[in-house]
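Here's the structure we're looking at; comments come further down.
Derivation of every value follows stated rules applied to the coordinates shown; laboratory data play no part. The model shown is predicted, which means the values in this text are computed figures rather than measured ones. Note: ideal-geometry Cβ built from the backbone for every residue, glycine included; neighbour counts use all protein chains shown.
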Amino acid sequence: MPSLTLLMQWIVLLAGSLGFSWLLTPWIATASPLVGAMVVAMCFGFSGAHTRVRPLFVAIAQAMTGVAIASTLDVKVLCATAGNAWVLLGVLLTVACAVLVGWILTRFSSLPGTTGAWGCLPGAAAVMGSLATQNGGDGILVSLMQYLRVVMVVATVPVLAHAMVANDSAALGVAQGPLISASHAGIGSVAAVAISVVGCWLGTRRPIATGAFLAPLVLASVWSAAIPIPLEVPKLLLLGCFMVIGWAIGLQFRRELALPMLRSLPEMLGGILAMLVMCGLSAWLISSLSSVTFITAYLATSPGGLDSIVAVALGSHADMNFVVAVQTLRLFTVLLAGPMLAKAITRSAAPACA
């Protein structure tokens, strides 16, 4: 792969991503461009390819995704949902699962220092590596664990969601985005692109994790609440953005990181699988005690990246208001409390680490 020119690498990456996405479409529908591009990009990264997605393109893709998600939301319902006790329970259960698994890894695994604690914290994968390095962890292993978890979640959630929606007619009753008349479609598309650009610029001006995603999401939500013209991100553009996000995740797995990952792979996989199972049980508990469907609760509690999970949720007939509320609140909870939680886990596990 390194023998190919950079242009040829991009051509092969694009062709491979399109082909694999097409093969995945019957099983995971809307999420197939993201998952297909991610898997092909992982193969490229491990093969030694030099392709990298520029941060600007990733930010634009996140911005477009944020606007697309906002177009499916009801702002009044979202605000009411944000204060829902089930949202708070979803956040608390997910963080509690991460803390428990992080404690077990820190106490009993061979992962160095605070690596297990930081690697299990859900969300904000892009910044966890640097935060871990600043707090005594192995930033490379933490980043690998974070992105490996994102890969596993993004690869498995669409399959589960597609299967559940196919077998659960009740899930099809969840309201989707507003219908768009032909006269408003052009205006809605132009406005969506404009909001994406402005929101992306605003979101990258401040050192906020996933700011390029959150700022357009907020701006588009304000538009939807104030202006009766629905936003519409052109379908091909949105699918292209999903592909860019998939590339950005997959290309994090580089050849020089293969050996460290293989050495720690059993422990990292064990921790990730434990988190997925515990989040699944949390989703089952929430859906059993409330009117929230299991697929909505599962997407809301899944410990993947905010942008990738909500992108997957777009094609799943889940309640987007609930998913966005839980995922966003959890992101800020982890960013604010993450260092404190990681240090508490490490102190608690210190006797076995000494």
Check: Rule-of-thumb check for the chain: C-alpha Rg over 2.2 N^0.38 Å?
Finding: 0.96
Margin query: Below 15 angstrom from the Cβ of A80, what's the summed charge of the other residues (Lys, Arg +1; Asp, Glu -1)?
Written below: -1
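Compute the length gained on full extension between S290 and L7: take 0.36 nm times their separation in residues and subtract their Cα-Cα distance, giving the result in nm to one decimal. It would help to have the intermediate numbers written out before the result.
Values: separation 283, 0.36 × 283 = 101.88 nm, distance 5.19 nm.
Net length gain for the segment: 96.7 nm.
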Margin query: Suppose the chain between A274 and L56 were pulled fully straight at 0.36 nm per residue; how much longer would it get relative to their current alpha carbon spacing?
Written below: 75.0 nm
Checklist line | region 38-57-region 79-126 distance, computed between alpha-carbon centres (Å) | finding: 28
